Structure formats: C-alpha cells, structure tokens
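Notes for the one structure printed next.
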Amino acid sequence: MTINRMNCVFAALVCTFFATQLVFSQTNATSAVNSFISKQATEAGADEYSEGRKIVRSDVNGDGKIDLIVLYTLEGFGGGNSHAQYLAIFLGGGKTFKNAANVAVGGKLNRSVELTGVTAGRIDLDTLAYRSNDPACCPTRKGKTHYRFSQNRLKETK
C-alpha cells in the first residue's frame, strides 16, 4: 500500500470515528433535553410547543466542554391558552448532558424572547415587551437582554 493510500484510509477512519461520536453526542443531548422538558410539562399540566425550541451549543461555564443552552415554550397550562418561555442550561460531561439550571424568561403578558446566541459565556436574547396598548397576543416593544450562568443559576444581566 502506498503512503498516499494509507493516508486516505487513515483519514477515512478518523472521519468515521468523529462522525460516530457526533451522532452519539447529539443522541444523548436530545434525550436529556426531551426528558427534562417532558417531565416539567407533565408536572405543570402543559405541553411543549416543540417548534419553538432552540438549542445553542457553547461552553457557558468555562470548563472547555460544550454545553447546551435551550430556549423552550410550555403552553396550555391546565387546558388554558397561556404560555411561558424557559431558558435551561445542560452542562456537558463528556458523553452526557445534565440539566444544571432553568428559569422562566418570557410568556403571555410578560414578554416574548428569542435566543440569538452566546458571546463569551453571555447568553443573548432579543425581546418583545408589551406596550400599554398591545393586545395579549402581540408585544411590540423591541429590546435585548442577557443571562449569565454562574453557581448553577441563570441571572439576567440586561
């Protein structure tokens, strides 16, 4: 076998290994997130609005491991039409992810939020707040807010 051919075989093996690790990591991430949100929804008598879920991968605690920052929405509390948005942190532990914190960040008659990214550990959110004449469906005042994860808590830092 020539050196070029050996290099190609080695490169293919390395790519296969990392692709397998990525799939394994994504499966564990999805499982941890799904399980946590499902349990919270059941306890609250609500359902997740799954189309509204957003996950960003970043290191939020500075340990060099990828963590998950998840924005999700629960709706229909007790059969009503209310909804709430939550921000959750799932810390990466190698091959697993574990929920470390979650906090309500928005909802009906509060504000609407959208997770836009993570910058140097700071979680960035765009917001729509209610003006005095806005209907319950539709906040219109644009803004921004930020959260930091520290000591297993999420704290808003506007």
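Within the range 106-131, how many residues are among the hydrophobic types (A, V, I, L, M, F, W, C), in a loop (DSSP other than H, G, I, E, B) and over 18 Å from the mean Cα position of the chain (by Cα)? Let's see the steps before the verdict.
Kept after step one, since they are among the hydrophobic types (A, V, I, L, M, F, W, C), are these residues of the range 106-131: 109, 113, 115, 118, 120, 123, 125, 128-129.
Still in the running and in a loop (DSSP other than H, G, I, E, B): 109, 120.
Filter once more, so that each one left must be over 18 Å from the mean Cα position of the chain (by Cα): 109.
Adding up the residues that qualify gives 1.
For every residue, the table says whether it meets (1) within 20 Å of the chain's Cα centre (by Cα); (2) closer than 23 Å to Val113 by Cα; (3) modelled with pLDDT under 95.
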site	(1), (2), (3)
Asn4	no, no, yes
Phe10	no, no, yes
Cys15	no, no, yes
Val23	yes, no, yes
Thr30	yes, yes, yes
Glu48	yes, yes, no
Val56	yes, yes, no
Asp63	yes, no, yes
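Looking at (1) in contact with a helix residue (DSSP H, G or I) (Cβ under 9 Å, 6 or more places away or on another chain); (2) closer than 26 Å to Asp47 by Cβ; (3) at pLDDT below 95, which is the one condition that is false for Gly92?
Tallying (1) in contact with a helix residue (DSSP H, G or I) (Cβ under 9 Å, 6 or more places away or on another chain); (2) closer than 26 Å to Asp47 by Cβ; (3) at pLDDT below 95, Gly92 fails exactly one: (2).
Among the residues of the range 134-157 satisfying the criterion of being more than 21 Å from Asn102 (Cβ to Cβ) and of a type in the set (A, V, I, L, M, F, W, C), which is surrounded by the fewest Cβ atoms within 10 Å (Cβ to Cβ)?
Cys137
Just one of (1) under 21 Å from Glu51 (Cα atoms); (2) touching a Pro at 6+ places or on another chain (Cβ under 6 Å) trips up Ile89, so point out which.
Going through the list (1) under 21 Å from Glu51 (Cα atoms); (2) touching a Pro at 6+ places or on another chain (Cβ under 6 Å), Ile89 breaks only (2).
Scan the range 93-116 for residues that are over 11 Å from His146 (Cα atoms), touching a residue at least 40 places away in the same chain (Cβ under 8 Å) and buried (at least 16 other Cβ atoms within 10 Å of the Cβ) and jot them down.
Phe97, Asn99, Ala100, Ala101, Asn102 - these are the residues of the range 93-116 that are over 11 Å from His146 (Cα atoms), touching a residue at least 40 places away in the same chain (Cβ under 8 Å) and buried (at least 16 other Cβ atoms within 10 Å of the Cβ).
Return the residues of the range 117-138 that are touching a residue at least 24 places away in the same chain (Cβ under 8 Å) and closer than 25 Å to Ile89 by Cβ; say none if nothing qualifies.
Within the range 117-138, Gly117, Val118, Gly121, Arg122, Ile123, Leu125 meet the criteria.
Can you tell me how many residues within the range 117-133 are out of contact with any strand residue (DSSP E or B) (no Cβ under 6 Å at 6 or more places or on another chain), surrounded by 14 or more Cβ atoms within 10 Å (Cβ to Cβ) and either under 19 Å from Gly64 (Cβ atoms) or modelled with pLDDT under 95 (or both)?
Qualifying residue count for the region: 1.
Within the range 34-55, track down each residue that is basic (Lys, Arg) and more than 15 Å from Asn99 (Cα to Cα).
Matches in the range 34-55: Arg53, Lys54.
Yes or no: Ala84 aliphatic (A, V, I, L, M), in a strand (DSSP E or B), touching a Leu at 6+ places or on another chain (Cβ under 6 Å) and farther than 30 Å from Cys137 by Cβ? Even if it seems obvious, please write down each step before you answer.
Values: aliphatic (A, V, I, L, M): yes; in a strand (DSSP E or B): yes; touching a Leu at 6+ places or on another chain (Cβ under 6 Å): yes; farther than 30 Å from Cys137 by Cβ: no.
Answer is no for this residue.
Would you check which residues across the range 132-158 are assigned to a strand (DSSP E or B) and out of contact with any Gly (no Cβ under 8 Å at 6 or more places or on another chain) and list them?
Arg141, Lys142, Gly143, Lys144, Thr145, His146, Tyr147, Ser150, Arg153, Leu154, Lys155, Glu156
Is it the case, given these coordinates, that Ala100 is in contact with a Phe, Trp or Tyr (Cβ under 6 Å, 6 or more places away or on another chain) and small (Gly, Ala, Ser)?
The answer is no for Ala100.
The values are calculated or read from the model by the stated rules, or taken from the named source; none is laboratory data. Keep in mind the model is a prediction, meaning the values are calculated, not measured. Here the Cβ is made from the backbone with ideal geometry for all residues, glycine too, and neighbour counts use every protein chain on show.
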